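Step one of this worksheet: look at the structure below.
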Amino acid sequence: MTVDGTDAGVLVVEYRALEVYLGRIELHPHYQGRGIGAQLLQSLIDTAAQRGWDLILDVLAINTRAHAFYQRHGFREVARHGENNRKIRMRFTHRHTNE
């Protein structure tokens, strides 16, 4: 992805049957803390909601900063997997916005 014509990071999204999977989101440290990640995430949430689908992702358990970021944006932990449960599966269900 680019910001003002400069490479700023990587975004990998898969549109699967009945769900959107956020495979990877990385921003160069220079671009972190500017709301760019939140805007990208909100765009994906909106896209999934328009389709009536959930948005899912996996985050490493050791990455507490990313885990907290996703929780602040309405994602909930649904499972742990991988060796020693090192990955956390998180899900944003658009129906949560109506609760």
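Each value in this text was obtained by applying a stated rule to the coordinates, not by laboratory testing. Since the model is a prediction, treat every value here as computed from it, not as a measurement. Cβ coordinates were reconstructed from backbone atoms using ideal geometry, including for glycine residues, and neighbour counts include every protein chain displayed.
Quick one: Karplus J couplings for the stretch 19-24, per residue in order, coefficients 6.51, -1.76, 1.60, θ = phi - 60°, nearest Hz, x for Gly and Pro?
Using θ = phi - 60°, the values come out as 7, 10, 10, 8, x, 6 Hz.
Under a 5 Å amide H to amide H cut-off, with H placed in plane at 1.01 Å, what residues pair with Gly9 once short-range neighbours are removed?
Residues meeting the amide H criterion: His28.
Positive end of the dipole of the chain, charges at C-beta (+1 Lys, Arg; -1 Asp, Glu), about the Cα centre: which of Ala66, Ala49, Val3 has its Cα farthest in that direction?
Value computed over the given set: Ala66.
Hey, got a sec? Which trypsin sites (Lys or Arg not before Pro) in the stretch 1-66 land in a DSSP loop and have at most 13 other Cβ atoms within 10 Å? Working shown, then result.
Numbers: sites: Arg16, Arg24, Arg34, Arg51, Arg65; in loops: Arg34.
Answer in residue order: Arg34.
Taking just the alpha carbons, could you work out the radius of gyration and Dmax for the chain, both in angstroms?
13.7, 41
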